[in-house]
Amino acid sequence: MLVFVLVVLGVAIYEAWSSKHAAIGWIINLFASIIGGLVMIALVGMAMEALLPYLHLERSLAFSQHPLKYGLVAAIAICVVLGSWIPLWTLNRFRL
């Protein structure tokens, strides 16, 4: 989870730095990126809850050595980056 938090903060800081925002822009970017990342984590969590009964695992996915576990971690990371980037893109699109 710490890695995902660092990814969200990294996306927000990089976008604010590359766009040369003022201090209020940095704060807005951090807030939008965190909210977008958390929403995406919640959506991925709901999707996983819907998917797990169809996998027929004897125990949880975290303790199994199922190959889906490793692919899922990469997919979650990509979704979190997109979830934190989309609000920033939207804010920059409508910025005057």
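The values are calculated or read from the model by the stated rules, or taken from the named source; none is laboratory data. Here the structure is a predicted model, which means the values were calculated and not measured. Virtual Cβ from ideal backbone geometry, glycine too; neighbours counted across all protein chains shown. Quick note on the areas: whole protein, heavy atoms, side chains included, nothing else; ligands and nucleic acids left out. Shrake-Rupley method; radii C 1.70, N 1.55, O 1.52, S 1.80 Å.
Using alpha-carbon pairs under 8 Å, 6+ residues apart, how would you state the relative contact order of segment 3-85 in percent?
Here the relative contact order equals 49 percent.
Net charge around Ala22, counting only other residues with Cβ within less than 15 Å of its Cβ (Lys, Arg = +1; Asp, Glu = -1)?
Values: positive: Lys20, Arg95; negative: Glu15.
Net of charged neighbours comes to +1.
What is the extension gain from Val5 to Ala42, computed as 0.36 nm multiplied by their sequence separation minus the C-alpha to C-alpha distance, in nm to one decimal?
Separation in residues times 0.36 nm, less the Cα-Cα distance, equals 12.0 nm.
Say we join alpha carbon atoms closer than 10 Å with springs in a Gaussian network model of the chain; which of Glu58, Glu49, Glu15 then has the biggest fluctuation?
With Cα springs under 10 Å in the chain, the top fluctuation among Glu58, Glu49, Glu15 is at Glu58.
Summarise the accessible area of the chain (1.4 Å probe, protein heavy atoms) by the percent that is carbon and sulfur.
Result for the chain: 78 percent of the exposed heavy-atom area is carbon or sulfur.
Restricting things to Cα coordinates, could you compute the convex hull volume per residue of the chain in Å³?
Measuring per residue, one finds 93 Å³ for the Cα hull of the chain.
Can you compute the helix-only [θ] at 222 nm over the chain? Use -39500 (n - 2.57) per DSSP H run of at least 4 residues, normalise by all residues, nearest 500 deg cm²/dmol.
-27000 deg cm²/dmol
FRET efficiency for Ser19 and Leu52, Cβ-Cβ distance as r, R0 = 41 Å, nearest 0.05?
0.55
Relative to the longest principal axis of the C-alpha atoms of the chain, give the angle of the C-alpha long axis of helix 2-18, reported between 0 and 90° and rounded to the nearest 10°.
That works out to roughly 20 degrees.
For Lys69 paired with Phe94, estimate the spin-label separation in nm (one decimal), with each label point 7 Å from Cα along the Cα-to-Cβ line.
Placing both labels 7 Å along Cα→Cβ, they lie 4.2 nm apart.
Averaged per residue, what accessible area in Å² does the chain show with a 1.4 Å probe, protein chains only?
Ligands and nucleic acids excluded, the result is 72 Å² per residue.
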